[in-house]
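S.K.: The structure under discussion is supplied below as structure tokens; questions concerning it will follow.
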Amino acid sequence: MSWKITLIIILLILFIYTVIPDVFLHRLGIGAWKRQYRPGVALTFDDGPDPLYTPRLLDLLDRYHVKATFFLVGERAALHPKLVQEIAARGHQIGSHCQIHKYAWFISPWKTWQSWTEGISTLERITGKPIQWIRPPWGTFNLFTFFWLKSHKKKAILWNAEGHDWDVQKNPEQIAKHILNAIREGGIIVMHDSGGGAGAPENTLQAVELLLKRIPAERKLPILPLNLPDWTWLRRLVYRLWEKWENFYAHQNKITRINAASLFRISKSKYHGPDLKDEQGVIWAQDGDIIGELHLDNARLQMMQTDSQKIAIEALRRVRGSLPLLADYIAKNPDYQDIRVLGGVTLLNRGIKGLGFNVQEIPANFSVRWIGTIQRMIMRVYSPQGTAHQMTRLGDPKFVWVSRDSFLERWLQDN
């Protein structure tokens, strides 16, 4: 065998060992999780624990009532076991960042297997709990990282928003701005509570505080613990495609999210249907009038119940909690000062009268039937345990509405 053939074989083996698994898992996210499937975003931290910076980070997260996920290096965890226990005691999640912090491409197959096994064992010995999530240093895989991952049935967690906070040249404002520009619903943010250039974690702490303030205020997204459903890749793909459609629809129709906590979104639109009359016979809206059209923020209404009645009850409970937030938004927003009616077409109309809304029967034309079909599809996407039979028990869509004045009178004081 000539030296050229030998060289080609060696290069091919190296390519299979390093580049292929890294492209699929790291770059494309196939076989790994680069986002979550809950509303809002999740904060994650790598390279710790650090006896100087991690306790300060924990105090900061406590002040804002936010739970994060810490991917810990086994070697460092073994040096600071009480700090690892403190992270868990404060309600944060723990994942493995391997036993050693080395680039996967430069670790042999047997060392890869040994390091990940030892990294998990170290954290489980300290916490007394199983570790299910891993994140390779730099998010980089080799072929045996993949084999180990599948053999031990762990989930590899990556990210889709980062601020390069390990770079000491980046100040806190630059770090926060880069992350704010990148995050979307379901985002996973990666930051570091240890490592990087000298002083970099200090910048991270300041950037974290900026994000804790600005993500809910500017992006109107809640910061939630990382939570990954037990979904197949096909289920995840369907969710992603539907999410893109909903985002496009909201953009085209200028549907605005109210804040980080509310289930509602709102837009101004023309009402089409029979006259909206109250019990005294007063007409509040007629065909062609501009109304405030209410939309449920479906990603925030995810539920795992299998019974349609339970889905409706839980949805009603969450709606009730969001109505004071909606009232505050409408009262303060000049765009809705001249609106007389708030309403929308929905399948979830049972029990709505108890919240001060009127329920209007509407003709079952093509448009209404189409809305009903779409809303049932939404429920199947966001409550995948439901069956088609159970969804039909929700009945037909109806127009629920309330006058702006009576809505504010009832719900603004509750805010």
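S.K.: Test L58 against the criterion of being assigned by TED's automatic domain parsing to the domain that holds K155, free of Cβ contacts under 8 Å to residues at least 60 places away in the same chain, over 28 Å from I175 (Cα atoms) and part of a helix (DSSP H, G or I), and give yes or no.
M.R.: No: the conditions fail for L58.
S.K.: Looking only at segment 124-137, decide whether some residue is among the small types (G, A, S), closer than 28 Å to I20 by Cβ, surrounded by fewer than 16 Cβ atoms within 10 Å (Cβ to Cβ) and out of contact with any strand residue (DSSP E or B) (no Cβ under 7 Å at 6 or more places or on another chain).
M.R.: no
S.K.: Report the residue count in segment 108-123 for those that are surrounded by fewer than 22 Cβ atoms within 10 Å (Cβ to Cβ) and under 16 Å from I20 (Cβ atoms).
M.R.: Final tally of qualifying residues: 1.
S.K.: Looking at segment 166-173, is at least one residue within 23 Å of F106 (Cα to Cα) and of a type outside the set (S, T, N, Q)?
M.R.: The answer is yes; a qualifying residue exists.
S.K.: Then there is this: Does Q360 satisfy the condition of being modelled with pLDDT under 90, over 20 Å from R265 (Cα atoms) and in contact with a Ser or Thr (Cβ under 7 Å, 6 or more places away or on another chain)? Spell out the reasoning first.
M.R.: On the way: modelled with pLDDT under 90: yes; over 20 Å from R265 (Cα atoms): yes; in contact with a Ser or Thr (Cβ under 7 Å, 6 or more places away or on another chain): no.
Spelling it out, it is not the case that Q360 is modelled with pLDDT under 90, over 20 Å from R265 (Cα atoms) and in contact with a Ser or Thr (Cβ under 7 Å, 6 or more places away or on another chain).
S.K.: If you check P39, P21, which single one turns out to be over 27 Å from E185 (Cβ atoms) and not basic (K, R)?
M.R.: P21
S.K.: Can you pull out every residue in segment 10-23 that is without any contact (Cβ under 8 Å) to a residue 60 or more places away in the chain and surrounded by 12 or more Cβ atoms within 10 Å (Cβ to Cβ)?
M.R.: Result: L14, V19, V23.
S.K.: Being of a type outside the set (A, V, I, L, M) and in contact (Cβ under 8 Å) with a residue 24 or more places away in the chain narrows it down to one residue among H26, H65; which is it? So that I can check it myself, show each step before the final result.
M.R.: On the way: H65 fails: in contact (Cβ under 8 Å) with a residue 24 or more places away in the chain.
Result of the check over H26, H65: H26.
S.K.: Checking N171 against (1) in contact with a helix residue (DSSP H, G or I) (Cβ under 8 Å, 6 or more places away or on another chain); (2) buried (at least 20 other Cβ atoms within 10 Å of the Cβ), which test does it fail?
M.R.: (2)
S.K.: Additional query: Counting only residues that are β-branched (V, I, T) and either under 15 Å from the mean Cα position of the chain (by Cα) or closer than 29 Å to L28 by Cα (or both), which one in segment 225-283 is surrounded by the fewest Cβ atoms within 10 Å (Cβ to Cβ)? Walk me through how you get there before you give the answer.
M.R.: Our first condition is that a residue be β-branched (V, I, T); within segment 225-283, this holds for 232, 238, 255-256, 258, 266, 282-283.
Narrowing the set further to residues that are either under 15 Å from the mean Cα position of the chain (by Cα) or closer than 29 Å to L28 by Cα (or both) leaves 232, 238.
Working: T232: 8, V238: 15.
Filtering segment 225-283 for residues that are β-branched (V, I, T) and either under 15 Å from the mean Cα position of the chain (by Cα) or closer than 29 Å to L28 by Cα (or both), the one surrounded by the fewest Cβ atoms within 10 Å (Cβ to Cβ) comes out as T232.
S.K.: Let me ask something else. Which residues, taken from segment 2-54, are at pLDDT below 90, closer than 20 Å to F146 by Cβ, outside any helix (DSSP H, G or I) and not small (G, A, S)?
M.R.: L28, I30
The values are calculated or read from the model by the stated rules, or taken from the named source; none is laboratory data. Keep in mind that this is a model prediction, so the values were computed, not measured. In this analysis, Cβ positions are derived from the backbone assuming ideal geometry, glycine residues included, and neighbour counts consider all displayed protein chains.
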